[in-house]
Each structure stands twice: as C-alpha cells, then as structure tokens.
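K.L.:
Sharing a structure with you now.
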Amino acid sequence: FTWQIGDGAALARALGVRVVNDRRRDDVAAGGQGAPLVPVYHAALAAELPRPLAVVNIGGVGNVTWIGTDGALLAFDTGPGNGPIDDWCARRAGQRYDKDGALAAAGKVDRARVERFADHRFFTKVPPKSLDRGDFSYSWADGLSVVDGAATLTRGTARAVALAAQHFPAPVSQWVICGGGARNPTL
C-alpha cells in the first residue's frame with residue numbers, strides 16, 4: 001500500500017506544464033516498496049565515498065541504502081527509528097523528543113527486552129521491506145523508568161540498524177548516518 005499527496009493532473013492543468021508525480025505507485029507496481037528516489041539520492045550524495053557503504057537515515061522509521069562497489073543499490077527499512085523514542089518522551093517525559101539523547105544517556109538498557117525486540121520477524125525478512133511509523137511502538141519499554149525506557153528504546157533502534165547488515169550483499173567499509181537520529185549522540 002502507498003499513497004501520494006496531491007493531484008498531478010490537476011496541478012498540470014492549473015500550471016499549464018507537465019508534472020511528474022506518484023512515482024511511489026509505479027515503484028510498488030514494479031515490486032518496490034514505494035520510495036524509488038531515496039536510494040538514488042543517497043548514491044548521489046555519497047558518490048565520492050569509498051564503497052561498499054551504507055547510508056542510514058534515522059527518522060521516525062530507519063532506512064538504509066547499501067551502495068556496492070559497482071554502484072549496485074539495495075534499500076529497505078531497518079526498523080523503528082526515532083518514532084517510538086519520541087512517543088515515549090511525549091507520553092512519559094512531557095517532551096517532544098530526547099534532546100541530545102540525554103534521557104537515554106542517563107538510563108540503563110534492559111538488555112533482555114532488547115534481545116526479545118531483536119527477535120521480531122521483521123528483522124529476518126528479506127528485503128525489499130518497509131514499515132509504517134506505527135508498526136513499532138514504545139510499548140515494549142512499558143514498566144521501565146523514563147530514563148531506562150529511553151535507553152532501551154534507543155538501543156533497540158541502534159540494534160535494528162545493526163541487524164540490517166545481515167541483508168547486505170557485501171560488508172560495508174563505512175556507515176553514513178543522517179536524519180534526526182544523527183543528532184542524537186547516545187543513539
């Protein structure tokens with residue numbers, strides 16, 4: 001399932017120009033997951049970097065683009081990103097997000113919960129694969145203190161990124177981290 005905001009045909013009529021839109025639907029029809037431009041964009045940004053490499057975008061959901069030495073691309077969602085952490089902070093700490101990872105840095109990771117989280121079937125599913133921001137919630141940290149929950153959710157997000165490497169055609173020489181999660185030093 002995918003959806004695109006806007007009406008390309010109406011926009012073309014109103015502006016009197018050709019409009020390219022809804023590449024998401026075309027990507028899904030071709031067997032993709034609805035984000036056809038992200039891997040190409042990542043490859044362009046990382047054109048001068050040694051390969052193979054992985055570009056990881058940590059937003060509400062995490063995603064990765066693996067770029068091979070020959071320019072081959074593999075892109076998929078890694079798992080939850082900042083979404084569950086942000087939701088936890090909003091509900092438990094009264095703040096929109098964990099600024100500078102301060103809550104997580106003050107907490108203790110519940111390693112048993114992270115191991116159970118890492119057993120989720122999504123992580124072994126072969127790409128292409130994608131998520132919705134709501135597919136993973138903060139509920140697996142319920143019962144922990146505010147800081148321990150933030151620490152555990154943050155470790156889970158990092159673990160999800162690490163688990164993505166099992167799907168790469170070859171190991172990477174470099175990881176490039178971008179998105180809001182790149183501003184969280186604890187993550």
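K.L.:
Can you spot a residue in segment 44-56 that is in contact (Cβ under 8 Å) with a residue 12 or more places away in the chain and either at positive phi or charged (D, E, K, R) (or both)?
P.N.:
Within segment 44-56, one or more residues are in contact (Cβ under 8 Å) with a residue 12 or more places away in the chain and either at positive phi or charged (D, E, K, R) (or both).
K.L.:
Which helices (runs of 4 or more DSSP H) does segment 100-187 wholly contain that include 1 or more residues that are of a type in the set (A, V, I, L, M, F, W, C), touching a strand residue (DSSP E or B) at 6+ places or on another chain (Cβ under 8 Å) and open to solvent by less than 30 Å² (accessible area, probe 1.4 Å)?
P.N.:
So the answer is 146-164.
K.L.:
Something else now. Quick one: which residue in Arg51, Arg13, Arg25, Arg92 is over 19 Å from Asp135 (Cβ atoms), touching a helix residue (DSSP H, G or I) at 6+ places or on another chain (Cβ under 6 Å) and of a type in the set (Lys, Arg)?
P.N.:
Arg92
K.L.:
Let me ask something additional. Show me the helices (runs of 4 or more DSSP H) entirely contained within segment 2-98 in which 3 or more residues are surrounded by 13 or more Cβ atoms within 10 Å (Cβ to Cβ) and of a type in the set (Lys, Arg).
P.N.:
23-29
K.L.:
Condition first: under 30 Å from Val28 (Cβ atoms) and touching an Asp or Glu at 6+ places or on another chain (Cβ under 7 Å). Now tell me which residues in segment 94-136 satisfy that.
P.N.:
Lys129, Ser130, Leu131, listed by residue number.
K.L.:
On the given criteria, is Ala72 free of Cβ contacts under 8 Å to residues at least 40 places away in the same chain and farther than 24 Å from Thr154 by Cβ?
P.N.:
no
The values are calculated or read from the model by the stated rules, or taken from the named source; none is laboratory data. Quantities reported herein were computed from a predicted structural model and do not represent experimental measurements. Cβ: placed from backbone, ideal geometry, glycine included. Neighbour counts: every protein chain shown. In case anyone asks, the SASA skips ligands and DNA or RNA and just uses the protein heavy atoms, side chains included. Shrake-Rupley method; radii C 1.70, N 1.55, O 1.52, S 1.80 Å.
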